[in-house]
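Everything below concerns the one structure shown next.
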């Protein structure tokens, strides 16, 4: 076990060195039209952020491990059967959001902050964080762009010292979740549209911008910018990156079988975690 930990630490240090070699360096006149966009799950963080959030709730006794496993298995089947497209995922996400109807946004944000510090902070990829930090030091703004609910995405961005976050928006009324989505799930083409809108608002030149992701689902986002990077890529994205001469950075360690399974685990965890977290919060606040 100690030997494995040493190998992981060495790999992450090597990743930081490699990251520093391929991103902008500080200059006297930073390019204010340039920015960087980072996916979260398996790009900035090991696994799915909302799944880790759900685990943090489980640690507080708000629901059982069996609940989490049951939802995860169901969503894994959904993923493996090839139903991952925006329409299907949006439907699954709306189901998850329905469980948080009636809950206060402030309560979810507070729990997100606590659970990030307890569970998620140690799961940030050091190499990817170094990439983001290099952009900041070069005077560029850095946003997370993720299907994770925007409140949780903002917590992660704040903890990492980034500019901000774009995420899936759950409708609220008077500070309380209604259980419905606002617009689309921020997934696939929707990420690219959100970045275009942000670029218009912030005066960014997308040809000067960078984007980072692990998944072929984010090809619309990656293809939108002048400097796309594949980070911990799935097989489809890796092949696409090689064909188009994109930079590839892989900060993962461990057996090949584990790496291949990560994209499936992340998607299943994201949806399953959302449902389980919603059930837990609803039970907790109804009984309090």
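For the range 164-259, rounded, prolate or oblate, judged on the Cα gyration tensor with a ≥ b ≥ c (square roots of eigenvalues), a/c < 1.5 rounded, else prolate if a/b > b/c? Note, shape of the range 164-259 comes out oblate.
Residues 224, 144, ranked from the fewest to the most other C-beta atoms within 10 Å, line up as 224, 144. Each of 53, 37 has some number of other Cβ atoms within 10 Å of its Cβ, and from fewest to most they run 53, 37.
Read the figures in this text as sums done on the coordinates, not as results from a lab. Everything quoted here is computed from the prediction, not taken from an experiment. A quick note on method: Cβ atoms are made from the backbone with ideal geometry, for glycine too, and the neighbour counts reach across all protein chains shown.
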